Amino acid sequence: MGRGQKRNRVLVPQAAQALYNFKYEIASELGVGQEIQGDYWGHVSSRDCGAVGGNMVRKMIAFAESQLQSNPQAINGQPLIGNSNARNQAGNAQSLL
């Protein structure tokens, strides 16, 4: 895969290692951890890779929902990050690049 085409980026750089560890934790829970050789995922099927990513998202959403339930005001005033359709206060589209 070409490195120049990767658009996924960690929005909070300090979270990169935690996300890396989380990915391998989910892979182990799903029973595909033994198929991974170091950082090489070539022997893991696309379906299993998708299951790892899907379960990561599911758990992150559950975590965010539990945080919002305990503190509903936490989301107020937060900027939209990573949304290419975001508009500034004047109503104009913003470029996030």
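Some notes on this structure:
- Hits in segment 5-49 (condition: among the polar types (S, T, N, Q), closer than 25 Å to GLN78 by Cβ and in a helix (DSSP H, G or I)): GLN14, GLN17
- Pair list, Cβ < 9 Å and 6+ apart or interchain, from segment 10-28 residues that are touching a residue at least 40 places away in the same chain (Cβ under 8 Å) to residues that are exposed (fewer than 12 other Cβ atoms within 10 Å of the Cβ): LEU11/ILE81; LEU11/GLY82
- Hits in segment 29-52 - residues which are surrounded by fewer than 16 Cβ atoms within 10 Å (Cβ to Cβ) and touching a residue at least 24 places away in the same chain (Cβ under 8 Å): GLU29, LEU30
- Condition check for GLY77: under 19 Å from the mean Cα position of the chain (by Cα), assigned to a loop (DSSP other than H, G, I, E, B), modelled with pLDDT under 95 and at positive phi: no
- Within segment 5-60, tally of residues that are in contact with a Leu (Cβ under 8 Å, 6 or more places away or on another chain) and not aliphatic (A, V, I, L, M): 2
The values are calculated or read from the model by the stated rules, or taken from the named source; none is laboratory data. Just so we're clear, the structure is a prediction, and the values are computed from it rather than from any experiment. Quick reminder, even Gly has a Cβ in these numbers, built from the backbone with ideal geometry, and neighbours come from all protein chains shown.
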